[in-house]
Amino acid sequence: MEYVDFNAKRSPNKSHLNDEHTFGYKTAGKILCCNCGILMEPNLKNMCFVCLHEHVDITANITKHAVLQYCRKCERYLQPPGEWIKASLNSPELMTLCLKKVRGLKDLKVSCADFLWTEPHSKRIKIDLKVYFETGEYAGLKQGVIIEYTVQYYMCPECHRVEAKDYWRCVVQVRQHAENLKTYFYLEQMILKHRAHDHTLGIKSMHGGLDFYFSNEQNARKFVNFLEATVPIKITFSKRLIKHDHNNNVHYYKYTWSVEIAPLSRDSLVCLKKKLRHQLGAMPAICLVHKVTSCAHLIDPLTGQKAELSANHFFRSPFEAICNPRQLIEYIVMDIELIRSSRQQDGSHGQRIFDIWLIKATQVGLNEHAVHTRTYLGYLLNVGDSVMAYSLKDININEAEFEKLGVEHVPDVVIVRKCFDKTSRSMPRRWKLKYLTFEPMNEQMTKEKEEFLDDIEQDMEIYKSINVYSGSEELNLMKSTDNVFNKNIDDATASSYEPLEESISKLSLNGNCNETNS
């Protein structure tokens with residue numbers, strides 16, 4: 001007779017079933033595949049994974065053919081509904097555009113997408129696409145499909161307006177009315193470096209500057225803001241009504257921005273008005289333009305005192321330079337004497353003043369009478385050095401503010417910078433610059449551009465702010481002259497080599513730019 005324990009709370013047979021129900025353990029039954037007969041987990045199709053891969057096509061709802069609209073003139077693709085984007089072949093941008101054209105990927109996941117090679121002239125693009133189900137009855141099933149795209153040529157609205165000869169909606173007219181155009185050349189290089197002209201429909205050379213044409217107001221305003229942050233300018237805005245839709249109350253305008261660059265350039269000599277001198281912190285009347293950025297940086301040529309003249313202050317009471325860099329004369333330093341020195345926290349030489357006696361380079365040995373002046377550049381000079389200076393007593397200056405100054409406030413000679421001997425440079429300049437237009441250069445323009453290239457060589461600050469290019473055939477020669485600043489090379493030769501170490505190789509110029517090899 002079997003012993004039964006009636007004190008037990010549950011029977012041994014039911015305990016195992018209750019444990020399965022409590023902890024979720026459930027033994028699923030297996031069935032045979034209806035196609036190959038192997039033992040498998042049951043599913044809705046009653047097929048194993050291999051048979052599902054052979055008989056079920058998860059890519060049936062995916063479109064196998066699509067169309068890409070391409071503008072040959074501006075080399076852009078249409079991204080619906082109306083955006084045109086730049087995308088090169090086999091680029092991630094083109095892949096993103098192609099995947100957006102595919103329909104039927106709502107319930108699928110893309111695991112891989114690769115471009116397949118096609119003939120360049122076939123106007124076909126093929127993509128090998130791998131997709132799979134992440135959840136559901138076909139979870140983990142992965143299949144591939146090849147999608148073919150046909151490239152159709154289509155003209156975008158911007159190019160269509162170009163062909164219609166009435167395409168621009170906005171124009172920015174950049175002008176500088178000055179005898180020296182160094183600021184204009186600097187602005188041109190800054191536009192090229194930051195690619196501020198990418199959205200222009202066309203660039204036309206005009207007398208005194210350039211005209212930039214745009215298709216919409218947003219791009220034109222963005223370009224004007226770039227100019228305002230680069231050089232001191234005065235902006236005049238106007239618009240003209242060209243069409244009016246009375247039914248929808250829509251107006252169509254053409255916008256014009258007139259941008260006037262301040263007629264100041266590097267190394268120009270100016271005479272400030274009395275009111276403006278007090279606003280700048282008691283600056284002297286005669287100042288030198290040290291550099292031009294978003295504002296004009298003025299410096300006292302005698303003491304080295306500096307001030308910044310903003311565009312608003314300049315155009316409230318505009319003035320012109322009394323001397324331009326073309327009037328610079330070469331002098332030879334005969335004697336130097338330090339007369340005053342005071343320390344500054346920044347360690348600059350701005351408060352060191354020197355007495356200097358000069359003789360014109362053309363009168364050395366003929367005239368022993370030296371001209372006396374003062375300058376803050378004495379720490380850079382030695383006896384026998386050459387300097388470029390303005391001889392105010394030999395220049396005819398017609399300026400009302402200058403005539404009001406007393407004789408004691410007008411120096412005979414104003415030293416601008418130290419002069420490097422260009423004749424000792426044995427090798428020609430081996431770097432190039434881009435330009436915005438193919439404007440024919442006259443003799444005066446060629447000379448001014450040559451002076452601008454000399455400024456780039458002598459001033460590292462200007463050199464670092466622009467792009468300098470070199471030809472690919474000169475790369476080996478440049479690499480062999482890495483150490484150009486040695487004891488056997490003078491300052492002038494070293495300055496000519498200075499931009500070559502960081503110049504951009506393999507100069508590639510587009511159709512809108514011109515190159516000048518100096």
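The values are calculated or read from the model by the stated rules, or taken from the named source; none is laboratory data. Just so it is clear, the structure is predicted and the values come from calculations on it, not from any experiment. No Cβ is skipped: glycine too gets one built from the backbone with ideal geometry, and neighbour counts run over all protein chains shown. Calculation scope for accessible area: heavy atoms of the full protein, side chains included, ligands and nucleic acids excluded. Shrake-Rupley method; radii C 1.70, N 1.55, O 1.52, S 1.80 Å.
Kindly establish whether Leu141 is surrounded by 14 or more Cβ atoms within 10 Å (Cβ to Cβ) and at pLDDT 85 or above.
When the stated conditions are applied, Leu141 does not pass them.
Inspect all residues belonging to region 327-334 and state whether any of them is in a loop (DSSP other than H, G, I, E, B) and either open to solvent by less than 70 Å² (accessible area, probe 1.4 Å) or modelled with pLDDT of 90 or more (or both).
Residues of region 327-334 in a loop (DSSP other than H, G, I, E, B): 328.
Among the residues that remain, those that are also either open to solvent by less than 70 Å² (accessible area, probe 1.4 Å) or modelled with pLDDT of 90 or more (or both) are: 328.
Yes; the residues of region 327-334 include at least one that is in a loop (DSSP other than H, G, I, E, B) and either open to solvent by less than 70 Å² (accessible area, probe 1.4 Å) or modelled with pLDDT of 90 or more (or both).
Report the residue count in region 191-245 for those that are within 26 Å of Met445 (Cβ to Cβ), touching a residue at least 12 places away in the same chain (Cβ under 8 Å) and of a type in the set (Lys, Arg).
So the answer is 3.
In region 363-397, which residues are exposed (fewer than 11 other Cβ atoms within 10 Å of the Cβ) and modelled with pLDDT of 85 or more?
Result: Asn382, Gly384, Lys393, Asn396.
Hey, can you tell me all the residues within region 50-79 that are surrounded by fewer than 13 Cβ atoms within 10 Å (Cβ to Cβ) and over 46 Å from the mean Cα position of the chain (by Cα)?
Within region 50-79, Glu54, His55, Asp57, Ala60 qualify.
Somewhere in region 174-190, is a residue surrounded by fewer than 15 Cβ atoms within 10 Å (Cβ to Cβ), over 30 Å from Glu75 (Cα atoms) and not assigned by the TED database to the domain that holds Asp455?
Yes, region 174-190 contains a residue that is surrounded by fewer than 15 Cβ atoms within 10 Å (Cβ to Cβ), over 30 Å from Glu75 (Cα atoms) and not assigned by the TED database to the domain that holds Asp455.
Regarding Pro428, is this residue modelled with pLDDT of 80 or more and more than 26 Å from the chain's Cα centre (by Cα)?
So Pro428 fails the test.
When the residues of region 144-158 are narrowed to those that are assigned to a strand (DSSP E or B) and open to solvent by 60 Å² or more (accessible area, probe 1.4 Å), which ends up farthest from Glu443 (Cα to Cα)?
Ile146
Tally time: how many residues in region 457-467 are modelled with pLDDT of 85 or more and of a type in the set (Val, Ile, Thr)?
1
Which residue pairs have Cβ atoms under 7 Å apart, sit 6 or more places apart or on different chains, and have a first residue in region 266-283 that is closer than 22 Å to Asn324 by Cβ and a second that is of a type in the set (Gly, Ala, Ser) and part of a strand (DSSP E or B)?
Every condition considered, the pairs that remain are Leu280/Ala307; Met283/Ala307.
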